[in-house]
Every structure is written in C-alpha cells, then in structure tokens.
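The structure appears below as structure tokens.
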Amino acid sequence: MAGALGVLSVVAWLFVAQANMPMAGTLDPTALALFTLIWGVGMVAMMFPSLVPLVYAVTVSARKSVETRQASQAVRRLVISARASTFILGYVAIWTLVGLAFYLAIAGLTLAGLPVGMGMFGFWAGLVLIATGLYQFSRFKQKALLECRSPMSFIFTRWRNGSRGAGVMGADYGLFCTRCCWVLMAGLLTVGAMSLPLMGVFSIIIFVEKIVPFGSIISKLIGAAFIGTGLLLLV
C-alpha cells in the first residue's frame with residue numbers, strides 16, 4: 001500500500017506540473033471545476049507522504065478482518081484495497097472542500113473590488129506570509145501539530161470499523177489535519193496556487209513538521225522564515 005501511495009503521489013505531481021491553474025476572481029463553472037480538480041490532485045501530491053501511517057493502519061485492520069472470511073485471495077485483496085481507498089477518498093474530499101472554500105472566498109473578495117487574487121506578490125502577499133509565520137508560533141498550531149504528529153491518539157480515540165467507517169474516518173482525519181495546515185494552504189493559494197516549486201516547498205514543510213524529530217522547533221523555524229520573507233516583500 002505504501003508503494004501504491006508513492007506511485008499515486010508521483011502521478012499527481014506529474015499531473016499538477018502540466019496543469020494550468022485558473023485564476024480566482026470569477027465564478028465561472030468551468031474554472032471552478034478545473035480548480036477543484038487540480039486542487040484535489042495537488043492535495044494527493046502534497047499530503048500523501050505524511051498520510052502513510054494512517055493508511056497502513058487501515059490496511060492492517062482490513063487484512064485482519066478478512067482473514068476469517070471464506071473468500072478467495074483475490075476477493076480479500078479487493079476488500080483490503082477498497083477499504084484503504086475509501087479512507088483516502090474521504091480524506092481528499094475534505095481537503096478538496098477546503099480548497100473550494102478558499103477559491104470562493106478569494107473570488108468573492110475580488111468581485112467585490114478588493115485587490116486580492118491567486119499568485120499575487122508584493123504588499124498583500126507579504127502580509128499573508130507574515131500572518132502564516134505568526135500562526136506557526138500560536139498555541140493552537142502547536143497543539144494541533146502535536147496531535148497530528150501522534151496518529152496513534154487518533155487511532156485509539158476515533159477509530160471506526162468497516163468500509164463505511166473507513167470513509168468516515170478518512171473525512172474525520174482530513175478535518176483533523178486542516179487544524180494544523182489550513183493556514184499553510186492559504187499561504188500557498190496566495191503566493192502561487194499550484195506553482196510546482198512552491199508546492200514542493202510546502203509539501204516538504206508539511207512532511208518535516210509531521211515526521212521528523214523536534215517538529216515543534218522546526219515549525220517555529222519555518223514560521224520565522226515565513227515572517228522574514230513577508231517582511232522582505234513589504235520593503
């Protein structure tokens with residue numbers, strides 16, 4: 001399953017690299033649908049490396065649940081894959097809705113005549129990056145990061161059995177992760193939505209915060225870097 005996630009992540013990166021993200025400022029259904037598609041695939045590319053532990057847990061649980069069934073090996077594999085896939089779909093669905101909310105918010109502000117938009121730089125991007133950096137130091141961010149770095153607490157307290165439970169749990173874990181990363185996503189949308197180099201930077205940031213030792217310290221160092229970059233843009 002980890003190998004499948006790796007392949008899926010690579011495919012998602014290739015797709016995003018060749019995609020053209022529509023600009024905000026319009027409620028055109030085609031642009032909205034294209035953004036939603038690219039954003040959803042982008043979340044696959046960015047978030048899956050840090051999602052592996054939970055998908056592994058779902059896969060192991062599914063494998064144990066089918067061991068006692070009177071079914072062929074092919075059917076058992078199908079059940080295991082389907083349960084893990086349902087978890088992933090629930091997770092991606094939440095992040096897709098988050099991206100959709102960001103798009104509609106930016107489009108609404110733009111249509112109201114305010115100087116905002118995806119890919120903007122300068123004064124407003126500087127402010128957003130400073131706000132993103134300050135969020136990295138907040139108690140809310142640090143608490144959410146601590147929980148996100150310990151998926152076992154999620155497994156012990158919010159585990160659900162069955163295929164339907166896997167989908168619900170995937171959506172629940174998506175909501176769980178938004179508490180930690182939604183400001184980073186807003187920063188990405190502001191300074192260059194679906195820019196491949198920036199997606200790579202943000203993907204590394206999210207992975208490092210969640211996985212490597214001393215994640216709290218690294219999170220604050222990242223916050224300081226955001227603040228410094230924002231101040232440079234304001235000068």
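Observations, loosely collected:
- Enumeration of residues in segment 138-166 that are in a helix (DSSP H, G or I), out of contact with any Leu (no Cβ under 7 Å at 6 or more places or on another chain), in contact (Cβ under 8 Å) with a residue 24 or more places away in the chain and closer than 20 Å to residue 205 by Cβ: 140, 141, 142, 144, 145, 146, 147, 148
- Within segment 201-214, the residues that satisfy the criterion of being in contact (Cβ under 8 Å) with a residue 24 or more places away in the chain and buried (at least 17 other Cβ atoms within 10 Å of the Cβ) are 202, 203, 206, 209, 210.
- Condition met for residue 72 (modelled with pLDDT of 75 or more and surrounded by fewer than 17 Cβ atoms within 10 Å (Cβ to Cβ)): yes
- Among the residues of this structure, residue 103 counts as one that is modelled with pLDDT under 80 and under 17 Å from the mean Cα position of the chain (by Cα).
- With respect to (1) modelled with pLDDT under 70; (2) surrounded by 17 or more Cβ atoms within 10 Å (Cβ to Cβ); (3) under 25 Å from residue 154 (Cβ atoms), the lone exception for residue 84 is condition (1).
- Looking across segment 137-157, the residues that are open to solvent by 60 Å² or more (accessible area, probe 1.4 Å) and at pLDDT 85 or above come down to 137, 139, 140.
- Flag for residue 59 being at pLDDT below 75, of a type in the set (S, T, N, Q) and either surrounded by 15 or more Cβ atoms within 10 Å (Cβ to Cβ) or farther than 20 Å from residue 86 by Cα (or both): no
- Qualifying residue in segment 36-48 (condition: at pLDDT 70 or above, within 30 Å of residue 112 (Cα to Cα) and open to solvent by 50 Å² or more (accessible area, probe 1.4 Å)): yes
- Neighbours by Cβ (under 6 Å, 6+ apart or cross-chain): first from segment 167-189, farther than 19 Å from residue 53 by Cα and without any contact (Cβ under 8 Å) to a residue 24 or more places away in the chain; second open to solvent by less than 10 Å² (accessible area, probe 1.4 Å) and part of a helix (DSSP H, G or I): 188/202
The values are calculated or read from the model by the stated rules, or taken from the named source; none is laboratory data. None of these values were measured; they are calculated from a predicted model. We place every Cβ from the backbone using ideal geometry, glycine too, and count neighbours over all the protein chains shown. Note: accessible area is taken over every heavy atom of the protein model, side chains too, but ligands, DNA and RNA are not part of it. Shrake-Rupley method; radii C 1.70, N 1.55, O 1.52, S 1.80 Å.
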